[in-house]
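Below: one structure, written as structure tokens.
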Protein chains: 2
Amino acid sequence: MALKYYHAEPLANSLKSMIPLKEKGLAYESIYVDLHKFEQHSDWFVAINPEGQVPVLDHDGTIITHTTVINEYLEDAFPDALPLRPRDPVGAARMRYWNKFVDEHVMNHVSMHGWHRLVGVIARNIDEGTFEELLSHIPLPDQRKKWSTARSGFSEADLQNASDKIDYALAKIEKQLGETAWLAGNDYTLADINFYSHCGMMVERMFPEKDVAANYPRLVEWRERVTTRPAVAEALKAEDRTAPGLRTWSGDR
Amino acid sequence: MALKYYHAEPLANSLKSMIPLKEKGLAYESIYVDLHKFEQHSDWFVAINPEGQVPVLDHDGTIITHTTVINEYLEDAFPDALPLRPRDPVGAARMRYWNKFVDEHVMNHVSMHGWHRLVGVIARNIDEGTFEELLSHIPLPDQRKKWSTARSGFSEADLQNASDKIDYALAKIEKQLGETAWLAGNDYTLADINFYSHCGMMVERMFPEKDVAANYPRLVEWRERVTTRPAVAEALKAEDRTAPGLRTWSGDR
């Protein structure tokens, strides 16, 4: 049995499937894909994932992509490892409800602000010919559009809409954490890992104006519970090649 | 064991979880929710699903919402019934990859065109005071916004973008059906039911300009295979109270 995990910095999608690997104690070969050098669009990587996106799980040569899919796959393929999906059908449904909420109503909105502050700076520092060449290597039309928009700048209306959606999510999560210890019930699940990786871990740092500590105290307490888990702490130590001044998600800014 | 299924017309989300119930031969009480009378926003229904959306599955009093979640729940809760999710981990991952694609890159785009042609007509026929009153009963902010936009009209740019995304999906599906008999491999799964319910069953009728028969022959052949399944044929016979002239998804227009 051999697992390889192709990933970038330990945050967002790359962190989201790294945490379950660590939680389950699964040995894997870590392969860093340098997004700063656009390796995710390079021939060698597109041969592995034709969509040109990280992360990717390679299990004995079988390629699994998309973090929510990878994480359920790890549950199915390694049933004897620590479960992160409840084994009762209702618990699994609660987990999937939250995974869907994060995937469809949180991830892209935090991502837009991150791209605005990080990828936009990078994209505007590339000369036009090189940028066109770069775009031509991006397999997914949506990703080509996102790169173009990052270079020209996301509109204020879109950034405000994304911020409003994050407010909605924070209030929804805060309410849930008043009812259950973790998002999907009394157990720590893939839903917690999902929200943590895409929003919970960085929301306070990215959006100081939301005054998260005062407005969402249960979320802050929950975040500390996630951060201090040994597997999460271990994952967060993974390589980060982002220039410190551009670390909009992971720290200094 | 008692199952209740709250649903509207047999298409899109309401069809998507009705087909698995029929395929699995699970007895259930069918409860029709009349969207034309905005019953989904009424007090009695919001008490069942605070998000004010159909369909809803009630299993012995436990409420499950969101069709992709409901459909996986039926797999987990009734493991002895006909499986619609592959039992091998890789097959399940393939199915979830396609479910995610349909949920995130197909459903909303077909839906926008349907809303434009159906809900827009309905919304514009409501006087302003009544419309404001209607909006005030919609629990989800996204749905309130969608109703407002349906009344004022979706922009040409948004409708074109949605149409482009459907073109992308059709080409992707056609390619896949050249490699495997069904979307996720050699078995009919929840992924086929998902794409069928949200797009495959109505794409030719809704978008005659795409010349689906000529451009996507494998998709047409696949659609016939789905349509003629006894469980699907049975589901399609469910009640349809939409005025015939407004049946943009399900038929006459």
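Values in this text are rule-based calculations from the coordinates and carry no lab data. Predicted model, so just to flag it, every value in this text is computed and none were measured. As a convention, Cβ positions derive from the backbone with ideal geometry for all residues, glycine included, and neighbour counts pool all protein chains shown.
The two copies B and A are related by a rotation, and the chain B beta carbon nearest its axis, with distance in whole angstrom, is B:E104, 3.
A cut-off under 11 angstrom between Cβ atoms defines the neighbours of B:G185, and their net charge, with Lys, Arg +1 and Asp, Glu -1, is -3.
Measuring between their Cα centroids, the range B:67-110 and the range A:110-188 lie 26 Å from each other. Dipole check for the range B:89-229: with +1 at the C-beta of Lys and Arg, -1 at the C-beta of Asp and Glu, and the Cα centre as origin, the magnitude is about 320 Debye.
For the set A:K172/B:K145; A:K172/B:K172; A:K145/A:K172; A:K146/B:K172; B:K22/B:K146, the pairs lying more than 27 angstrom apart at their alpha carbons are A:K172/B:K172; A:K145/A:K172; B:K22/B:K146. Rounded to the nearest whole Hz, the Karplus-based 3J(HN,Hα) values (6.51 cos²θ - 1.76 cosθ + 1.60, θ = phi - 60°) of the range A:96-109 follow the sequence 5, 4, 6, 4, 5, 4, 5, 4, 9, 10, 10, 3, 5, 6, with x at glycine and proline. Positive-end ranking of A:I48, A:L11, A:T65 along the dipole of the range A:3-77, with charges on Cβ about the Cα centre, is headed by A:L11.
222 nm [θ] for the protein assembly as shown, helices only, -39500 (n - 2.57) per DSSP H run of 4+, per residue, to 500?
Values: 28 runs with 264 residues, N = 506.
Dividing the helical sum by the residues of the protein assembly as shown leaves -15000 deg cm²/dmol.
Any chance you could check the Cα centroid distance between the range B:22-65 and the range A:195-253 for me, in angstrom? Computed from Cα coordinates, the inter-centre distance equals 38 Å.
Assign one of three labels to the protein assembly as shown, namely rounded, prolate or oblate, based on the Cα gyration tensor with a ≥ b ≥ c the square roots of its eigenvalues; rounded applies when a/c is under 1.5, prolate when it is not and a/b is larger than b/c, and oblate otherwise.
Details: a/c = 1.34, a/b = 1.32, b/c = 1.02.
It comes out rounded by the Cα gyration axes.
Quick check on chain A: of the DSSP beta bridges with both residues there, what percent are antiparallel, nearest 5%?
Details: 9 of 13 bridges.
Once the DSSP bridges in chain A are tallied, antiparallel ones form about 70 percent.
Restriction of the trypsin sites (Lys or Arg not before Pro) in the range A:71-130 to DSSP coil positions whose beta-carbon has at most 12 other beta-carbons within 10 angstrom yields A:R87.
Within 10 Å of each Cβ in peptide A:56-67, how many partner chain Cβ atoms are there on average? Round it to a whole number, please. Mind dumping the intermediate values first?
Working: counts 0, 1, 0, 3, 0, 0, 4, 2, 6, 3, 6, 0.
Mean inter-chain Cβ contacts per residue within 10 Å come to 2.
Put a plus charge on the Cβ of each Lys and Arg, a minus charge on the Cβ of each Asp and Glu, and nothing anywhere else: the dipole of the protein assembly as shown about its Cα centre is then about 60 debye.
Remark: mean inter-chain Cβ contacts per residue of A:97-104 equal 3, using a 10 Å Cβ-Cβ cutoff to other protein chain atoms. Relative to the current alpha-carbon distance between B:R87 and B:N161, full extension at 0.36 nm per residue lengthens the span by 23.0 nm. The phi-based Karplus calculation (6.51 cos²θ - 1.76 cosθ + 1.60; θ = phi - 60°) puts the 3J(HN,Hα) values of the range A:207-219 at 10, x, 5, 7, 6, 4, 4, 7, 8, 9, x, 5, 5 Hz, whole numbers, x for Gly and Pro. The phi-based Karplus calculation (6.51 cos²θ - 1.76 cosθ + 1.60; θ = phi - 60°) puts the 3J(HN,Hα) values of the range A:182-190 at 10, 4, 9, x, 8, 10, 5, 9, 4 Hz, whole numbers, x for Gly and Pro. Remark: mean inter-chain Cβ contacts per residue of A:40-52 equal 0, using a 10 Å Cβ-Cβ cutoff to other protein chain atoms.
In loop segments of the range A:178-253 as defined by DSSP, the GluC sites (Glu not before Pro) with at most 16 further C-beta atoms inside 10 Å of their C-beta are A:E179, A:E239. Between A:D88 and the same site in the other copies, what are the distances in nm, shortest first, taking label points 7 Å from Cα along the C-beta direction? Once sorted, the set of distances for A:D88 reads 3.3 nm.
The other copies place their A:A171 label points at 4.1 nm from this one, listed shortest first, where each point is 7 Å from Cα along Cα→Cβ.
Need the full-extension length gain, A:A243 to A:N215, defined as separation in residues times 0.36 nm minus the C-alpha distance. One decimal, nm.
Working: separation 28, 0.36 × 28 = 10.08 nm, distance 3.10 nm.
Contour length minus Cα-Cα distance gives 7.0 nm.
Take B:Y28, push a point 7 Å out from Cα through the beta-carbon direction, and compare it with the same point in every other copy: 3.4 nm, smallest first.
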